1. So what is the relative contact order of the stretch 99-211, in percent, for Cα pairs below 8 Å that sit 6 or more residues apart?
2. Considering only the stretch 99-211, what is the antiparallel percent among its DSSP beta bridges, to the nearest 5?
3. Need the full-extension length gain, residue 325 to residue 369, defined as separation in residues times 0.36 nm minus the C-alpha distance. One decimal, nm.
4. With a cap of 11 neighbouring Cβ atoms within 10 Å, and only residues DSSP puts in a loop, list the trypsin sites (Lys or Arg not before Pro) found in the stretch 158-188.
5. Count neighbours as other Cβ atoms within 10 Å of each site's Cβ, and list the chymotrypsin sites (Phe, Trp or Tyr not before Pro) in the stretch 79-188 that are DSSP loop with at most 13 such neighbours.
6. Which cross-chain or sequence-distant (5 or more) residues have an amide H under 5 Å from the amide H of residue 216, H modelled 1.01 Å from N in plane?
7. Please grab the % of Cα pairs in the stretch 99-211 that end up more than 16 Å from each other.
8. Taking the Cβ of residue 180 as the center, what net charge do the other residues with Cβ under 11 Å away carry, scoring Lys and Arg +1 and Asp and Glu -1?
Amino acid sequence: MMIRHYLKIAVRNLWKYKVQSMISALCLAVGIVVFSLAYLFVDRMADAYSRLPEHERYVRIMAFTKETGGDMPFALADVDELLFRTEGILDSVSVHSATMRTDADVIGKDGSSLPYIVRYKVTNSSFFRYFNLPLLYGNFLPKSADEIVVSSEFAERIARGGSPIGMVVRLASFMPENGIRDYRIVNVADVPKDGLNLDADCYFPLELQPYAWLQVHAFIPEGQMLSGLDETLKRLAWDKEGKTVTVDASPVSGQTNTVIAKILALLLASLILVSGLITFLKFTFQMFYARQHELALRKSMGSDMKGVFCLLFVEVFCMWSFAFLLSQVLLEGLQLLVSRFPFLPEENMGWFVLEDCYLVQGGLYLAVLFICLFIVACPVWRVRRVNLVNRIRTNGRRHGFRCVMICIQLFVSMGFLGAVIIVRLSYDELGSRLYYPSEKVEENRIIAIDMTTAVIRNNWDAIHAEINRMPEIEGQTSLNEDSDDGMLSYRFITFMKQDSTEVRLKVMTGNPNYFSFFHIPLQGKALETETEGFVYVSRSVAELMRHEHVKGMIRLDGKAYQIAGVYEELYKNVTGNSRIAGSVFFPAQDFKTWLLKVASGQDADKVMGKVKAVCRKHVPYTLPLDVYKFGSRSVYSMMDTLEAVMWILAAVSLMLVILSMYSSISMDAVTRRKEVAIRKINGASYRDIAMLFAKSYITMFLLMYLLVYPLLKLAMANLLEGSSLKSVYGWEWGVILFAVMALLTAMAIGWQIIKLMRINPADTIKKE
């Protein structure tokens, strides 16, 4: 019966403050969702080696040269030397390369053949045991040089639900040094995508690529410590091309380059969760303080502390449970929203699993519920120690806790917003230094076709002839490189100055009509057929040549080239590195990417569909066809995606602090209406009433701004140390931050203050 009574009282009190209760629950639910997603994302990034059995025994073997002091990449000959010298020292030495790509034909059991692009690794047989990869057709591993293992995903593609055992993978693009082109499938490995980068279609023997860079792993022998093994390996040494090679072992578990990213992601998510929890706690304590009179009366009427504790705990439990259920609703809605966004491909959201999110939320539920025990204990302890007569006569208010909590929220939200504003201004400054030859709208009218397979390259004449007949296409050009980086290249070439110092120049290669295609101002002659020995240089390189008293010719990597023209700078140095002096463009008739410009007024998506259909006439469905909008992979797109993520985090933190302040002043409006009425009767003006409530919020806002501004400026200055970006050092972002936060603060508290100024004192006194 008492539980029913407590529930009735809890529902009645929460309904009395329904707006504040809903805001508190919503803020906490948002914090739970953000933290759950961040935790899952970080867990996905976590060290995959730690999930392997006996991961403490896993080590990576590295070779070093004493003369150079650097590590030495393993080739097959080096692996053979290592195995010979470490026989009986290392257990299960695993060897594998990075994932490579090649054209291949898959020959079925009936003799039929289909072309594929195969992602492959070269490995030894210990590779599958070392990484604990299950084999689906027994424990049979390749025993001869022409036998291979394939992944379960690739097996499904080529066998379509049947067994791939006995099918043949024929290399189509090159002849291996071992002379073997046909490889028979003898087993299928279930390779998870767990962050170890083991995923491939085919696993060939090491002899296929004897000069590939190989990674070597092994087990520490049972009963041996890593330090002892390392000392043993360091005593091993051999000569290679006049250099002394030494070997050491290092643990693989816990070694990852994503530690900073994981810590940052969890930190940001924790700040959001703390901000939501603060709103919840602040409302809870504020409601308890508003009920001190009631609790003191209950004590005077004979209620024991156990009864008061249960009463308050049930209220907190109900509100916290409601917030938990609301977080699950938000999570379901978020998953539905994500599934509808084309720019969030499903393969990139594999970590977003609702069941796993629910487990994280369940842990948070229990953790916060435990915290609630201490939350409830505070007002109970306060009632236990107060003078009952004084407590009944006065309804003292304590706003210190509330002010501290709001200050923390303001600090977090200002930090988020300030960082986003700085990034936005830095992007604008960066954009002002980069010469974008085409607008974003025009980029979205450019269709790129990547020559990813030998089939599309061999049939390009027929494909191109049909594309040329399409009236929707108004321009074409080509690049002899992948266009994934937009118009910016990350390849470099060296120019030797007269004082023997070297500068690096960025490199692009493509059709000379590239400049007219992208409206790039060009001074010089257009090359059509004769391109060998010619190069175009950027404006900054031309200035460098003038200072070097060199005209007409340039020597790059020791080879002389004739300068065919000078183009407007595509990109300038934004890092302050004086060794990067500009860019060069090598004209070439060969190409890896073909660019098509859709005529103005045409639907680019429909035209792209027609282009894909033309290509598919000559490219079998088993081969990938990479046709896309150029703008989707440009600098604009990358910047927009990063900025969008940051704006989302800032918006969430701002929403939490606004709702928190609105909830606080709404609570004040409910509990202090009688005070406001009495003040108005005694002659208080509208300004007096407004300042009565707004003064504390204005003070908190100013204090937090004066604290956040210098700290954020110092942090961003250290982060961008060495950069030539000046946005962080200016005052513009500080003015924007102040104006935005001041406006949002005024919006959060203004409406309730206006309502309080308009109350009728007579009506309020009567109701009270």
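1. On the way: 214 pairs, mean separation 41.9, N = 113.
Worked out over the stretch 99-211, it gives 37 percent.
2. Values: 18 of 27 bridges.
Looking only at bridges with both residues in the stretch 99-211, the antiparallel portion is about 65 percent.
3. Working: separation 44, 0.36 × 44 = 15.84 nm, distance 1.39 nm.
14.4 nm is the gain from fully extending residue 325 to residue 369.
4. On the way: sites: 160, 170, 181, 184; in loops: 160, 181.
Passing both the DSSP loop test and the Cβ count: 160.
5. Details: sites: 84, 116, 120, 127, 128, 130, 131, 137, 140, 154, 174, 183; in loops: 131, 137, 140, 174.
Those that pass, being in a loop and sparsely packed, are 140, 174.
6. 61
7. Details: 3439 of 6328 pairs.
The proportion of pairs with Cα distances above 16 Å equals 54 percent.
8. Values: positive: 170, 181, 184; negative: 146, 147, 177, 182, 207.
Every neighbour counted, the sum reads -2.
Values in this text are rule-based calculations from the coordinates and carry no lab data. Note that the structure is predicted; figures quoted are calculated from it, not measured. Methodologically, a virtual Cβ is constructed for each residue, glycine included, from the backbone with ideal geometry; neighbour enumeration extends over all protein chains shown.
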